[in-house]
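The structure appears right after this line, and notes come after that.
The values are calculated or read from the model by the stated rules, or taken from the named source; none is laboratory data. Predicted, not measured: the structure shown is a model, and the values here were computed from it. So basically every Cβ, Gly included, is an ideal-geometry build from the backbone, and we count neighbours across all protein chains shown.
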Amino acid sequence: MNTHLLSKSSFIRGIQCDKHLYLYKYHYDEMDEISEMQKAIFKRGIDVGKLAQQLFPGGIDLSPETHSDYEEPLVKTKEFLDNKQRIIYEAAFQAEEVLSVADILLNTDDGLKIYEVKSSTSVTDVYLIDAALQYWVITKAGYKVNDFSIIYINNQYVRKGELDLHQLFRIESVLDKIITKQSWIEKNINRLKNVLGQNEIPQIDISEHCYSPYICGFYNYCRRHIPENSVFDLSGVHLTDKYEFYRSGILSMEELTDEIHLPRSAKIQVDVFKNGKQLIDAEGIKNFLSGILYPVYFMDFETFQPAIPLFDNSKPYMQIPFQYSLHYLESKGAELQHFEFLADASDDPRIPFIENLLRDFKDIGDILVYNKSFEIKRLNEIAEAFPQYKLKIDNLISRIKDLIVPFQKKYYYTNDMKGSYSIKYVLPALVPELNYQNLPINEGGLASLTFESLFDENNPEVINEKRKNLLEYCKLDTFAMVKILEKLESIV
Ligand code: SF4
């Protein structure tokens, strides 16, 4: 077995926080559970990496058999380089107990050209650190690197027909930038090796660094001492200010005195928490309701964002609507009707989506959504991609009203809303018998991933189950709006 103390990812962890590196190496069990969202982001990175290999076809792939066993790739990389193999994917190098794996390597007469593939849409500082570490390892291992580039996604690319990889990907040389970082890299490698040699967990308290460059995997472990209803739950308060409270010894909202200046929303939140009473501004609610005229539709969309555009007239990471739920009340107290649409995961969903949606609407009636900018943006994007629907879409948009307003403006606030006006908090606070907790899909991100996964799914039972879960989730979003409106009406 090869032994390495540090790798690209553990080095980045150590740059974020010594304790993060140490916990990851010696107390892995304490790490927060990896969410489905994080797994999907990881898989996306792998898929994008595989696709980028096609920019340099004909290479030999040295990916390890198991995730952490690099003994064979290290030996084979050397052999293939000695034998003048021109292109290698996942070439492994090690120097001074630091491991580095290059996504794509070109072996030229002038030295190695290395390409690191990222599924994001720009070159960030953390990518430069990652590249600089790789450069350090590969040159220390005795190779000449004559160029180092980052391949990332061009979010301005609009797919027309077959994928054009040379348009989809941007390639940017970062060689000059990473050469200037070499002494910093070496200094930190030595420092982090010392950290790993310690007998105790480094004593580092939580602070703003826990979020950058990524939210730390030990976030919950390090925050076990934070009480419920803490200053970190305050809404509309900047993260730095929350940590200022924390550093000055104020952890719970209970400890925030009236003299401490807070934004209006946080002030309301603290007052409601302390006096235990809900806040109801009946006049504000009444004014809001006076602007809503029956018949009323309740509308919600679900979207997914493929990194690689799957359809013509779409860009990387574009939000593609694939599902809607629509509840309809002809008048107050009338029988509730429901309409819904969920696209097949086989083709561009946008045209069937918009055609069904337009068909389900009558010419009159307000359309209530929760956070209207999202739905309006999606509709405008469809109108731009398919101008034949623009007139009808513009008419729909002109009828949209936002049910978030009374909660955003704090006309109605209870402590159960936890400072948030997201429907995921507002619904259980107002209608406790309805909530998302027991649904297999309980948030939009998961709905999006579930739909995307259907493109690779062949098992009809799994497909049916996932579709059922998607329909159930989206339906609850609009049913929740019906119940919230009912609750507001009952108040005034
Ligand atoms: S949560 Fe913060 S303090 Fe704890 S290990 Fe992670 S970065 Fe370090």
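Things worth noting here:
- The range 134-153: number of residues that are surrounded by 17 or more Cβ atoms within 10 Å (Cβ to Cβ) and part of a loop (DSSP other than H, G, I, E, B): 2
- Within the range 121-133, considering residues that are surrounded by fewer than 18 Cβ atoms within 10 Å (Cβ to Cβ) and not aliphatic (A, V, I, L, M), the one nearest to the chain's Cα centre (by Cα): THR121
- Only residues that are charged (D, E, K, R) and away from the ligand (no atom under 14 Å from the Cβ) were counted across the range 1-28, and they come to 1.
- Pairing each residue of the range 210-229 that is at negative phi with any residue that is outside any loop (DSSP other than H, G, I, E, B) and of a type in the set (A, V, I, L, M), provided the two are 6+ apart or on different chains, yields C-beta distances under 6 Å for PRO213/VAL126; PHE218/LEU23.
- Within the range 240-272, the set of residues being under 19 Å from SER422 (Cα atoms) and not polar (S, T, N, Q) comprises PRO263, ARG264, ALA266, LYS267, ILE268, VAL270, VAL272.
- Cβ-Cβ contacts under 7 Å between residues 6 or more apart (or on different chains), taken from a first residue in the range 447-471 that is farther than 26 Å from HIS338 by Cα to a second residue that is crowded, with 17+ Cβ neighbours inside 10 Å, are listed as PHE455/ALA345.
- Matching entry among ASP271, ASP281, ASP241 (being surrounded by 15 or more Cβ atoms within 10 Å (Cβ to Cβ) and in contact (Cβ under 8 Å) with a residue 40 or more places away in the chain): ASP281
- For the range 232-248, the set of residues classified as among the aliphatic types (A, V, I, L, M) and more than 15 Å from CYS210 (Cβ to Cβ) consists of LEU234, VAL237, listed by residue number.
- Extreme residue, nearest to ASP18 (Cα to Cα), among residues of the range 215-226 that are surrounded by fewer than 13 Cβ atoms within 10 Å (Cβ to Cβ) and not basic (Lys, Arg): ILE215
- Elements of type strands (runs of 3 or more DSSP E) in the range 22-133, at least 2 residues being at pLDDT 95 or above and polar (S, T, N, Q): 98-108
- Some residue of the range 195-207 being surrounded by 13 or more Cβ atoms within 10 Å (Cβ to Cβ), under 23 Å from VAL426 (Cβ atoms) and modelled with pLDDT of 95 or more: no
- Residue that is within 16 Å of the ligand (Cβ to nearest atom), of a type in the set (D, E, K, R) and outside any helix (DSSP H, G or I), where the choices are GLU200, GLU172, GLU162: GLU200
- Selection count where residues are within 8 Å of the ligand (Cβ to nearest atom), more than 12 Å from ARG13 (Cβ to Cβ) and either in contact with a strand residue (DSSP E or B) (Cβ under 6 Å, 6 or more places away or on another chain) or in a loop (DSSP other than H, G, I, E, B) (or both), scope the range 210-232: 1
- Taking the criterion of being over 17 Å from THR3 (Cα atoms) and touching a helix residue (DSSP H, G or I) at 6+ places or on another chain (Cβ under 6 Å), the only residue of the range 61-82 that qualifies is LEU62.
- Subset of the range 402-422 [β-branched (Val, Ile, Thr) and either buried (at least 21 other Cβ atoms within 10 Å of the Cβ) or part of a loop (DSSP other than H, G, I, E, B) (or both)]: ILE404, THR414
- In this structure, ILE268 qualifies as modelled with pLDDT under 95, assigned to a helix (DSSP H, G or I) and of a type outside the set (Gly, Ala, Ser).
- For ILE185, the conditions (1) over 30 Å from GLY111 (Cα atoms); (2) away from the ligand (no atom under 16 Å from the Cβ) are fulfilled apart from (1).
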